[in-house]
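Below: the structure, in structure tokens.
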Amino acid sequence: MNKKISSLLNEQINKELYSAYLYLDIADYYADQGLNGFENWFFVQAQEERDHAMLIRRFLLNNDEVISLSAISAPGFKKNEQKTPLFETLKHEQTVTASINHIYAAAFDDKDFRTMQFLDWFVKEQGEEEKNAADMIRKFELFGNDSKGLYLLDQELAGRIYAPPSLVL
Ligand code: FEO
């Protein structure tokens, strides 16, 4: 594998672990607010992000590449400055999408079809994650300002169950 692509994939491991850390922080914020459904939703999301990191790790190992783990930054969610971290979630997912697209473009330039095929799963996953975040914002804007609506939305989000990724390496 081209060194640049290997290095970008290593960086992506860090970005996915940072995503897990960010969503764990948001889950903790909601736990503090007593919104256990929101907490559950973000806790499941944090687990999925960890899975994304592990998939990239496995892909690199399967291709005989060296893994280089680096420090994970503190989560960037500023609890006191925002009414809801949902906007931050969508913005963050858009950043991750751009990062995946950047690696895909590098793989395309290098005719690295194996990496492109691997990343296809992530391209689709990012589409789903952006949609999930946008849907959450829409629902929050519709129902979140009313205590009964917020209670029902919290109940709905409590139903999210963790499932391992559909991609197996
Ligand atoms: Fe793994 Fe939410 O991107």
Check: Just how large is the dipole of the chain about the Cα centre, in debye to the nearest 20, putting +1 at every Lys and Arg Cβ and -1 at every Asp and Glu Cβ?
Finding: 160 debye
Next item on the list: On the protein heavy atoms, probe 1.4 angstrom, tell me the percent of accessible surface of the range 1-77 carried by carbon and sulfur.
Entry: 49 percent
Next item on the list: Please determine, in degrees from 0 to 90 and to the nearest 10, the orientation of helix 113-143 with respect to the longest principal axis defined by the Cα atoms of the chain, where the helix direction is its Cα long axis.
Entry: 10 degrees
Item checked: Principal-axis tilt of helix 3-33 within the chain, Cα atoms, nearest 10 degrees -> 10 degrees
Checklist line | Cut-off 12 Å between beta-carbons: net charge of the residues surrounding Ser99, Lys and Arg +1, Asp and Glu -1 | finding: -2
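Per residue, how much accessible surface does the range 103-164 expose to a 1.4 Å probe? Answer in Å², no decimals.
64 Å²
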Next item on the list: Relative to the longest principal axis of the C-alpha atoms of the chain, give the angle of the C-alpha long axis of helix 36-62, reported between 0 and 90° and rounded to the nearest 10°.
Entry: 0 degrees
Item checked: Alpha-carbon centroid distance for the pair the range 1-33 / the range 60-131, whole angstrom -> 8 Å
Item checked: For the range 38-155, alpha-carbon Rg relative to the globular expectation (2.2 N^0.38 Å, N residues) -> 1.28
Check: For the range 1-54, with only Lys/Arg (+1) and Asp/Glu (-1) charged at the beta-carbon, what is the dipole magnitude about the Cα centre, in debye rounded to 20?
Finding: 420 debye
Note to self: Between Asn63 and Asp109, how high is the FRET efficiency from 1/(1 + (r/R0)^6) when r is the Cβ-Cβ distance and R₀ = 25 Å? Nearest 0.05.
What the structure shows: 0.90
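The values are calculated or read from the model by the stated rules, or taken from the named source; none is laboratory data. Bear in mind the structure is a predicted one, so any value in this text is a computation, not a measurement. Note: ideal-geometry Cβ built from the backbone for every residue, glycine included; neighbour counts use all protein chains shown. For the accessible areas, the whole protein counts, side chains as well, though only heavy atoms, and no ligand, DNA or RNA atoms are used. Shrake-Rupley method; radii C 1.70, N 1.55, O 1.52, S 1.80 Å.
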